[in-house]
Amino acid sequence: MNVAVIGGGGREHALVRKFAESSKVDRIFAIPGNAGMSDVAEVIHGVTENDFEAIAGVCLENEVEWVVVGPEAPLTAGIVDYLEDEHGIRVFGPRRKEAQMESSKAFTKELMEKYHIPTAKFARFDDYEAARAYIEREGTPIVLKKDGLAAGKGVVVAMDMDEALAGLDELMGEVGTIVIEEFLEGEEFSLMVLVNGEYTHPFEMIAQDHKRAFDGDTGPNTGGMGAYAPVSHIGESHRAEAIEKIVRPVAKGMVEEGLDYFGILYLGAMVTADGVKVIEFNARFGDPEAQILLSMMEDDLGEVLEKVHRKEPFELRFKPGCMVGVMLASHGYPKAYQKDKYVEFDAVRENCYISGLCQDMDGLYMTSGGRVLLVTGYGETVDQAVETAYENVGQVKFEEGELFFRKDIAHRAL
């Protein structure tokens, strides 16, 4: 079969590499793809991920049987509705209504409240003064979330009142909707779940992401500065609890609400003193968790898609050992940063996933985004994987001060 992957980041780089291993897949189209995908996919540079008509044209012309949508923005804009309803093209990814699980924090929190799914206490506000009064009454630490897509950056974890009020100004401004949550303490983990209505297949392996920009989990929230899997210090009992108390009830709740979710549902969860609770849901693979988990997965992704579509039971197999990914980011990210800085990574290309690089006229790589390159390392133990990952980072060449990375990825497991 022919497959199209929508998106141009590291998550999509991992998807096209995984499909390239599939005995089921003949041709892969990456729309718009990125500079690192041409060895495993046909890269359609001239079509953006939000040009639904052009995407449909590529898919129809090339007899694409499956479209897999990577990023959240086209899902929220209704790419699945358009491709399926207008052209009868099969898509792995939720429709616009179902994508509200990510695109609206308020929608998701209210659904969890209705179906008694464990999550942080919350309140929703459209009025600035009411939100400010609530923050002052509740006190800190407290968590503020923008109600909408924010590329992983629309969250402020405020440890004091100054941070909380500055976060309110940043996320809400004069108009907007915000969700304010109680601060939860504990270990976070990411669980990817394949969903088709009430049918769910949670990944047998969890990952752990590092959201904060700097070492020691300090600095602003980002789209993810690194990840690793498996997370050996968070036991199988916690994954099982998440499935029993969160995954199955939320799938059942969505069906009862008239939603027909098909695709990946990403659960960001926390192990608290009161059990596992939901931090967030996303309507697509996590990035950079996808790069790690898909690298570790031994199954044929083409076959997996077909099994989920048919709602068949199966077991995902993951190779033994551990994989660690370290994100190289442009100086200044997640705020303002410069582009067009040269990066050379030929020595470790097979261990890298491109997030934000383009090529100049001579084929040399230059930065084009905030998160630039995920550099991975594999080992039999987490210590070995960390060591290999940072050895590989050391072989990436760039001008000092133009890129930065965290030096403590997987520190909680060490």
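Laid out as a table, the results:
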read-out	value
Count of residues meeting criterion [closer than 22 Å to residue 297 by Cβ and part of a loop (DSSP other than H, G, I, E, B)] in the stretch 234-258	2
Members of the stretch 1-16 that are under 14 Å from residue 357 (Cβ atoms) and assigned to a helix (DSSP H, G or I)	10, 12, 13
Residue match in the stretch 368-385 (condition: under 30 Å from residue 270 (Cβ atoms), more than 20 Å from the chain's Cα centre (by Cα) and of a type in the set (S, T, N, Q))	yes
Only one of 263, 286 that is under 21 Å from the mean Cα position of the chain (by Cα), buried (at least 20 other Cβ atoms within 10 Å of the Cβ), in contact (Cβ under 8 Å) with a residue 12 or more places away in the chain and farther than 25 Å from residue 410 by Cβ	263
Single match in 19, 29 (criterion: hydrophobic (A, V, I, L, M, F, W, C), over 19 Å from the mean Cα position of the chain (by Cα) and outside any loop (DSSP other than H, G, I, E, B))	29
Matching residues in the stretch 102-125 - criterion: being part of a helix (DSSP H, G or I), closer than 18 Å to residue 258 by Cα and within 23 Å of the chain's Cα centre (by Cα)	102, 103, 106, 107, 108, 109, 110, 111, 112
Residue match in the stretch 269-279 (condition: among the polar types (S, T, N, Q), part of a loop (DSSP other than H, G, I, E, B) and surrounded by fewer than 20 Cβ atoms within 10 Å (Cβ to Cβ))	no
Subset of the stretch 213-233 [assigned to a loop (DSSP other than H, G, I, E, B) and either in contact with a Cys (Cβ under 8 Å, 6 or more places away or on another chain) or farther than 21 Å from residue 336 by Cβ (or both)]	215, 216, 217, 230, 231, 232, 233
Residue that is surrounded by the fewest Cβ atoms within 10 Å (Cβ to Cβ) [pool: residues in the stretch 194-225 that are in contact with a strand residue (DSSP E or B) (Cβ under 8 Å, 6 or more places away or on another chain), more than 28 Å from residue 91 (Cβ to Cβ) and not polar (S, T, N, Q)]	219
Test: residue in the stretch 142-154 that is buried (at least 20 other Cβ atoms within 10 Å of the Cβ), at pLDDT 90 or above and either assigned by TED's automatic domain parsing to the domain that holds residue 286 or in contact with a Ser or Thr (Cβ under 6 Å, 6 or more places away or on another chain) (or both)	no
Number of positions in the stretch 32-54 that are part of a strand (DSSP E or B) and closer than 22 Å to residue 367 by Cβ	2
Residues of the stretch 289-314 classified as assigned to a loop (DSSP other than H, G, I, E, B) and either out of contact with any strand residue (DSSP E or B) (no Cβ under 7 Å at 6 or more places or on another chain) or in contact (Cβ under 8 Å) with a residue 60 or more places away in the chain (or both), total	7
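Okay, residues lined up against (1) buried (at least 20 other Cβ atoms within 10 Å of the Cβ); (2) touching a Gly at 6+ places or on another chain (Cβ under 9 Å); (3) hydrophobic (A, V, I, L, M, F, W, C):
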residue	(1), (2), (3)
322	yes, yes, yes
326	yes, yes, yes
345	yes, no, yes
374	yes, yes, yes
378	no, yes, no
389	yes, yes, yes
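The values are calculated or read from the model by the stated rules, or taken from the named source; none is laboratory data. The structure displayed is predicted, hence computed values, not measured ones. Note that each Cβ is placed from the backbone with ideal geometry, even for glycine, and that neighbours are counted across all protein chains shown.
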